Amino acid sequence: MFMLATVPPAGGQPPKIICTPGSLTFQYRIGDPDPPPQTVSVSPSVPYPIAVYSDPLTIASGGWLVVSRTTDHLLTVYARPRGYLARSYVGRIVLGAAWAYQVPVAISVGLTVASPPLLAVSPASLRFSYETWRPVPWLEYITTSCQGVTALDWTAAVSTAASWVSLPKPRGTAGAAQPGAEQGRFSQNLLPLSIDPTGLTPGEYRTTVTVAAPGAANRPISVPVTLVVPPPPPLAMKPASVELEVEQRSGPVSRSLQISNPGLPLTYTAAATSIDNWLSVTADRGQTPANLTIIVNAAALAIGGYQGAINFSVPGAARVQSLPVKLTVKPPSLTATLAENGVVNAASFVSEIASGCWFTIFGSGLSVSTRIWNASDFVGDRMPISLDGIGVTVNDRPAAVQFISVGQINAQAPDDLATGLVTVRITSPRGLIATGKVVLRTTAPGFFTFRNGNRRFAAAVHLDGVTVANPDLLPGNTVRPAKPGETILLFGTGFGPTNPVVESGRLFAGAAPLANPEALSVELGGVPMAIQFAGLSAAGVYQFNVSVPALPDGDRELIARVAGASTQPGVLVCVRR
């Protein structure tokens, strides 16, 4: 209590005291300057006692309520609220309480101490993951609110450079409690954060969003923001695997492939892997979703099964994702037709062959590939009995196959004691494709030749390996005619048994003379030739070392006879002295 001393008025009868206004109210927010003083008019203007009450008292001043007499009829009232907690306080000013018989007059004084303005945000930190189902960009929110005032204007900023977060509304107003609202509940204002992880690799990304209100007592609030980008999900592939069947030697085959993933587009790289490089892929790099084309080229592949894959790499993915590609190369579909008299001696082109004799099959659709045998086709010294699945039998015995093409097959007749008309069958992996007939004899002699126009010349060589021919027959080649008295070498097939016996279907290099050399005669221009050697020098190939008789210059006919059979007519040898 605080009292101003006064002297009673003369005459002893105190006057009636009237105060205007009869009550006062002060408002104060912690941290603000003291509220302005207020005045009270008092009448009559005579000295009167004043008592001041305030609760609670402060240690410093004895109370928050202070009164001074400005004049005899005017009081100035001060509120000194600093140091008081935020709540309501009540004080009184009592006039005339010290006079006898006087009814005192009390002036009610109220003080409301309010909390300082505070900005609040929720949550205190943000952490979220990119989920593939989310469209981008998406929004995350920070809730703002205020205390102590009805509203606070705020601004927000991303404190560190982060391309993946932006603030579409960096300014706003946080609201205070609404009338009738539950205690502690405030109107809220949202601060949206736009999140776009496009181009980010898997990992954690951090930044800070700072929210500040110039009128708030608290400092700017920093909200840590963390984005987790998980490894990308597996690509969705349609189809999930590829299986193809193609015929051998067929052209390229393609299949469509669609790849996609939920959410953000993914950058991918595709690579085809296969032994023999039969597999490839278009659009081998890009972004999902994408349409790719798988290409299979089996032209150089043998019949059989093959495995390949299209491997997809995505930045940040835990592993390479593979699309399996299975390829089956089937035997070709062949519709073969043999030419009339299509099975012939490979030297004489007559439809007669013998055991171990080289023969040729002419026709169409005999094979889809064209090739001669190679080292990989041999098993030891065994010659192949098929090339790319194309095989030949003579009288149901397999023949060695040396060459195949669409229109021609070269093969060696198997050993067989039978004679007469026999069946020749051509087969593929799919089965029989053609049959023909040929006469099988004990001997079916023929000389290998080369053609010049309508004339055929013996494939003969000198002892030094130079071809026997007139220079105008083979322009640009080193050739020379046969000279009387010199030895030349002739070559043929089908001349019969040898001693030692050379098994058909096996490689051979050496000399195996005819078993019955006395049964052989060779004539040039009707004149017998001296035979120095006659026999096999290679598998199925007979060599004859003979002396050129004394003949006039010219192209002379060559003929041989063995065991009653003769070589083909019209074979010539060029003779020059």
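Any read-out appearing in this document is the output of simple, stated calculations on the displayed coordinates, not a laboratory observation. What you see is a predicted model, and the numbers here were worked out from it, not measured in a lab. In this analysis, Cβ positions are derived from the backbone assuming ideal geometry, glycine residues included, and neighbour counts consider all displayed protein chains.
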Completion exercise
Using alpha carbon centers only, the stretch 420-474 is separated from the stretch 17-37 by a whole-angstrom value of 134 Å
Completion exercise
Taking 0.36 nm per residue of separation between Thr467 and Arg506 and subtracting their Cα-Cα distance, the length gained on full extension comes to 11.3 nm
Practice task
Run through all the Cα pairs of the chain and give the fraction in each 10 Å bin from 0, expressed as whole percent.
Solution key: 3, 12, 12, 10, 8, 7, 6, 6, 5, 5, 5, 4, 4, 4, 4, 3, 2, 1, 0, 0
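How long is the gain from Lys326 to Ser115 if the chain were fully straight, where each residue apart is worth 0.36 nm and the alpha carbon distance is subtracted?
Extra length available between Lys326 and Ser115 comes to 68.3 nm.
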Problem - Estimated inter-spin distance, Ser166 and Arg577, nm [label 7 Å along Cα→Cβ] - result: 10.7 nm
Fill in the blank from the handout: log10 I(q)/I(0) for the stretch 237-330, Debye formula on C-alpha points only (no solvent), q = 0.16 Å⁻¹, two decimals, reads -0.63
Exercise for the section: Pop out the ³J(HN,Hα) list for the stretch 206-216 in order, Karplus 6.51 cos²θ - 1.76 cosθ + 1.60 with θ = phi - 60°, rounded to Hz; leave Gly and Pro as x. Expected result: 10, 7, 9, 9, 9, 10, 9, 10, x, x, 8
Practice task
Step through the residues of the stretch 146-158 one at a time and calculate ³J(HN,Hα) from phi using the Karplus curve (6.51 cos²θ - 1.76 cosθ + 1.60, θ = phi - 60°), rounding each to whole Hz and writing x for Gly and Pro.
Solution key: 9, 10, x, 9, 6, 7, 9, 7, 10, 10, 9, 8, 7
Exercise for the section: Extending each Cα 7 Å along its Cβ direction at Asp415 and Val439, get the distance between those two points in nm, one decimal. Expected result: 2.6 nm
Practice task
Taking the Cα centre of the chain as origin, work out the dipole magnitude from +1 charges on Lys and Arg Cβ and -1 charges on Asp and Glu Cβ, in debye rounded to 20.
Solution key: 1640 debye
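Provide the convex hull volume over Cα atoms per residue for the stretch 337-441, in Å³.
So the per-residue Cα hull volume is 89 Å³.
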Fill in the blank from the handout: Projected onto the charge dipole of the chain (unit charges on the beta-carbon of Lys, Arg, Asp and Glu, signs +1, +1, -1, -1), the Cα from Thr25, Ala51, Ile361 with the largest positive-side position is that of Ala51
Exercise for the section: Tabulate in residue order the Karplus-calculated ³J(HN,Hα) for the stretch 342-358, using 6.51 cos²θ - 1.76 cosθ + 1.60 with θ = phi - 60°, rounded to whole Hz; enter x for Gly and Pro. Expected result: x, 10, 9, 4, 5, 9, 8, 6, 9, 7, 9, 9, 9, 4, x, 7, 7
